[in-house]
Structures are given as structure tokens and as C-alpha cells.
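Here's the structure, in C-alpha cells; my notes come after.
Here, each number is a calculation from the coordinates, and none is a lab measurement. This is a predicted model, so every value here is computed, not measured. FYI the Cβ positions are ideal-geometry reconstructions off the backbone, even for glycines, and counts take in every protein chain you see.
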Amino acid sequence: MEHINNYINEHKDRFINELIELLKIPSISADPAYKADVLNCAEAVAKAMKDAGADNIEICETAGYPIVYCEKIIDKNMPTVLVYGHYDVQPADPLELWTSGPFDPVIKKTDIHPEGAIFARGSCDDKGQFYMHVKAFELMMKTDSLPCNVKFMIEGEEEVGSDNLGAFVKENKERLKCDTILISDTGIIANDTPSITTGLKGLSYLEVEVTGPNRDLHSGLYGGAVANPINILCEMIAKMKDKNNHIIIPGFYDNVLELSQKERADIARAPFSLDRYKSALDLSDIHGEEGYSTMERTGIRPTLDVNGIWGGYTGEGAKTVIPSKAFAKISMRLVPNQSDEEITEKFTEFFESIAPKSVKVKVMPHHGGEPYVSPTDMPAYQAASKAMEKTYGKIPVPVRSGGSIPIVALFEAELGVKSILMGFGLDSDAIHSPNEHYGIFNYLKGIETIPHFYANYAKALNAKQ
Ligand code: BES
Ligand code: MN
Ligand code: MN
């Protein structure tokens, strides 16, 4: 397998420069002002696939942003790997907190990334990570070492809930037929501690609106005599958890799968330093559900968080006012056996039941998604584990993530195929935050590891046939 490192050494500068060009495109799916950029980005991805040697490249229109599909079928009887990723990115704000422009990629050294990291929105989530697959594919094509069939599906709406991908998958089951799905859109524990994500959380995301009086009022003339919707909303949010940070929406935990002592012991074996965790976030203490460790809170326990809250006067100076309305965006992260629909319903019922008569409330569901778990005894996991063991010199640790990629559960339901989440980012890479970055080490390590995955996987499946 010497050809892998030789090819990377010869071409790494170009690999980095190509990613930098892709990162210059502000493909923000959430903001309609960037529509042309998102569409340009799809074109750029299609061109990159063509240059890498893919066939049947198509920019597939959807009701939203297009999906870039392509493939390389070397032999219909061989196994097929489907690669999924997303070319859209999160909005870049707050812009003033970036030390360089979010779409002017620059390489800077950090303590964690002494070889340098590319700073740009989307560098880690997910352009830098799906592009590793494009370059690993190029490597296998150019060195005549692609051992099985490969299909690529790179979408442009992941950061806004993949609303149109479900329909695409349902309509293209034959085209998407595969033996495993390979995704790099998650992370590892540290650059000297590889890990593979074995679970993703589901998501129920909703917006609430509390209405008091029919107009904003003078807070002296009316204050104390009518409901202030912001005060009421805060009280209602405070009623969602008890003093142990246990969520008290009736039935919220009904279907939660409790883990066995053995499974909890496995989680506790993954390397984790609470001191480092706190200092990385400038926290003097952590906060969470009583009775569970930090890894358990993020990995296996469902959570509820307010993502945004607004209403009333927030401009310069003071304005004495009782607002007519208050709003909040609330998300709940779900674990196996909970469903988005079930939890959204339970939340709505509870929220309406605790609203005093002095206000009116509305609950509006946004996007959601189901949780996912992947077993460690399937051939694709073993292939990924052996690939990382080869390139990192250590067996990767299985870890359940607190993040969500809702389409992964849908792939399983519609295609009957499990996904393998072999990501290379770090939690400190600041995805969705100002100064997102992706280590050059991580990028090149990913390109190096992926061909090993293909070789291991093809070998394991061919042996079975
Ligand atoms: N790549 C992330 C999810 C992720 C990151 C999972 C790190 C595990 C580790 C993805 O792009 C994302 O941001 N997902 C959203 C959900 C989506 C519906 C907007 C999330 O988790 O908030
Ligand atoms: Mn992502
Ligand atoms: Mn994301």
C-alpha cells in the first residue's frame, strides 16, 4: 500500500489548494441571499468529480438545492460503497468574531494543529471532509487501485434539514443501491486518539410563540397588571427541567433505551479529561443531568436546549415597554427508540398545558430526524477500524456522538443499508462557530485512511461471496 503515501506526498499541495478554492464559495443554504453561490458550489463539486475520474456525473435538481451524484462502476458483481457528504455550510455570523474572513481561507498554526489548519466556514463541516473522499477516489483511480464500485451523493441542504433528500432517495433506490454508506461528517477524539462514531442523535426542533396583549404597552401604565410574554416564556422554559436537570415533559423518557452496566463501562473507557474539557470552554464547572457522566450526557441521554430567545426591545438605550410577543427556538436531541414525531407531540402538549390563561401560545415544528446507532461487528465497521489502526497505529475507540445527521436513519429505513461514520474532525475545530478550521494533518490523514477502508472492505465482502 506504499502507493497511497507516495501519491499523497506528491500531490498534497494541490489537494490543499483545491480545498481552499472550494472553501471560497459561500454556499450558505440557510440564507437565500447566497442562492447563486450554493448553485455554483454544486457545479464546482461536479467538476471536481469529473477531474477525479468519476462517471455519470449529474447535478440532480430537487425542490431545493441540487444533489451531486456520480459513480464509478468497475464490476457489477463487486461490492459498492456509497459516499455521502454535504457541500452547503452554516451561516458565518457573528462575523466580527472571525480572525480572518470566513470565505478567505488561510492556513494558521494552533496548539492542537502544529502542522497548520485551514480556517474557513465549512473547512471541517463538511467540505474538507467530503473532499477527502474526492481526493482518495482520485488517488485510487490514478494508481489503479480502486477495489470496488463507488457512488457519490453530495447534497446541498444538510445544514437546513435535508428536506428534499428523502424524496430523492425514495425515487432513486435502484441508482443508490449499495452495500455500505461511508460518511465523513463527524469527528475523532484527538489526533493521537482515533475514534469511530457509532451513534447519532435524533432531533426535534421547534419554535414557540407566546402572545400577551394585542400591542406593545407602556410598562408603567400596564406593568404588573397584564402578563408579560417574555416573563411567562422564561417561567415556562424553567418548568421543562427539575433540579436534577431531568426533563419533566410527561412521557419524555418513556421509550429511552437504558444502557447496560457493560455498555456504560465501555463508554467510561474512552479517554476523556474533565479538566481539559472545562478549560477548553473556560468553564469553572459543568452542568447536566444528575447521575450521568459528560460522555453519557452527550452520547446516550436525550437533551433539551433553547437555541435562541427574543422579544421586546433590544436596541440602543432603554425603552419602557411590555412586549406583545415573545419567541424561542427549542431543540431536543433524541436517543434510540425516541421518535421525532412522538417527542414533538409530547412537548407541544406539555407546553400548551403549562401556559397560563393570560397568554396564548403557539408551537411550530421545524425539521427533525431520527436517531441512529451502528453495530461494531459489521464488515464496514471492521474495515474502518482496521484502516484507522493502520494509519494511526491505534485501534479507534467507538463513540456515540451528540450530533445529528438525520438522513442516516432515513438511509437505513429506505435503502436498508447501515452507514459508517468515519469522520476526522476535532470538537475544537469550531464547526458552526466563528473561526471554524480543519487540520492539514486531519485532511491528509483522512485521504490516507480512506483507500485502506476500500481495500479492507472489498476484501472482506469478496471473501464472503
Ligand atoms: N456534521 C454535523 C453533525 C455532526 C457533527 C455529528 C459532529 C457528529 C459530530 C452536521 O452538519 C450538523 O450540523 N447537523 C445538525 C443537524 C441538522 C438537521 C441541521 C446538528 O447536529 O445540529
Ligand atoms: Mn456536517
Ligand atoms: Mn453542520
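Give the Debye-formula value of log10 I(q)/I(0) at each listed q (0.27 Å⁻¹), with one equal scatterer per alpha carbon of the range 133-184, two decimals each.
Log-scaled intensity ratios, in q order: -1.14.
In bins 10 Å wide, starting from 0, what share of all Cα pairs of the range 262-370 does each bin hold, as a percent?
Result, from short to long distances: 10, 29, 28, 24, 8, 1 percent.
Mind ranking 444-455, 345-356 by how tightly packed they are, going by the mean number of other C-beta atoms within 10 angstrom, highest first?
Those peptides, ordered most packed to least, come out 444-455, 345-356.
For a quick check: sort Arg215, Arg333 by the number of other beta carbons within 10 angstrom, fewest at the front. Working shown, then result.
On the way: Arg215 8, Arg333 23.
Placing the least packed residue first, the sequence is Arg215, Arg333.
If packing is taken as the average number of other Cβ atoms within 10 Å across a peptide's residues, how do 104-113, 335-344 rank, most packed first?
Working: 104-113: 14.7, 335-344: 18.9.
Output ranking for 104-113, 335-344: 335-344, 104-113.
Treating the angle as unsigned and between 0 and 90°, give the value, to the nearest 10°, between the Cα long axis of helix 440-464 and the longest Cα principal axis of the chain.
Between helix and principal axis, roughly 70 degrees.
Taking the Cα atoms of the range 45-112 alone, what are Rg (to one decimal) and Dmax (as a whole number) in Å?
17.7, 54
For the range 311-445, what are the per-bin percents of Cα-Cα distances with bins 10 Å wide, up to the bin holding the maximum?
Reading the bins upward from 0: 9, 25, 27, 20, 12, 7, 1.
Grab the DSSP H runs of the chain that are 4 residues or longer, score each as -39,500 (n - 2.57), total them, divide by all residues and round the 222 nm result to the nearest 500 deg cm²/dmol. Mind dumping the intermediate values first?
On the way: 12 runs with 157 residues, N = 465.
The per-residue figure over the chain is -10500 deg cm²/dmol.
Evaluate the Kirkwood expression for the hydrodynamic radius of the range 1-91, namely the inverse of the mean inverse distance over all pairs of different C-alpha atoms, and round to one decimal in Å. Please report the intermediate quantities before stating the final value.
On the way: mean 1/r = 0.0663 Å⁻¹.
Over the range 1-91, the inverse of the mean reciprocal pair distance is 15.1 Å.
Run the numbers on the range 344-465 and let me know its relative contact order in percent, using alpha-carbon pairs under 8 Å that are six or more apart. Walk me through the numbers before you get to the answer.
Working: 83 pairs, mean separation 35.9, N = 122.
Value for the range 344-465: 29 percent.
Report, in listed order, any pair from Lys24/Lys445; Lys127/Lys177; Lys109/Lys418; Lys35/Lys319; Lys47/Lys170; Lys173/Lys394 with a Cα-Cα distance greater than 31 Å.
Beyond 31 Å between Cα atoms: Lys109/Lys418; Lys35/Lys319; Lys173/Lys394.
Quick one: check the C-alpha center-to-center distance for the range 105-136 versus the range 346-412, whole angstrom.
Cα centroid to Cα centroid, the span is 24 Å.
Using alpha carbons only, how many degrees (0 to 90, rounded to 10) separate the axis of helix 340-353 from the longest principal axis of the chain?
10 degrees
Taking a quarter of the surface of the convex hull around the Cα atoms of the range 139-219, what do you get in nm²?
12.3 nm²
Please give the helix 379-392 orientation as an angle from the longest Cα principal axis of the chain, in degrees from 0 to 90, rounded to the nearest 10.
Value to nearest ten degrees: 80.
Kindly provide the pair-distance distribution of the chain built from C-alpha pairs, with 20 Å bins from 0 and whole-percent values in order of increasing distance.
Pair shares across the bins are 23, 54, 20, 2, 0.
Going Cα to Cα from Lys346, which lysines come in below 23 Å? Please leave out same-chain ones fewer than 8 positions away.
Excluding near neighbours in sequence, the set is Lys201, Lys239, Lys241, Lys243, Lys329, Lys357, Lys360, Lys362.
How would you order 236-248, 81-93 from highest to lowest mean count of nearby Cβ atoms within 10 Å?
Details: 236-248: 14.0, 81-93: 23.5.
Per-residue Cβ counts within 10 Å, averaged per peptide and sorted highest first, yield 81-93, 236-248.
When only DSSP loop residues count, what GluC sites (Glu not before Pro) in the range 256-314 have their Cβ near at most 11 other Cβ atoms within 10 Å?
Glu258, Glu290
Considering just Cα atoms, how many Å³ per residue does the convex hull of the range 133-291 enclose? Could you put the intermediate results ahead of the total?
On the way: hull volume 44.3 nm³, N = 159.
So the per-residue hull volume is 279 Å³.
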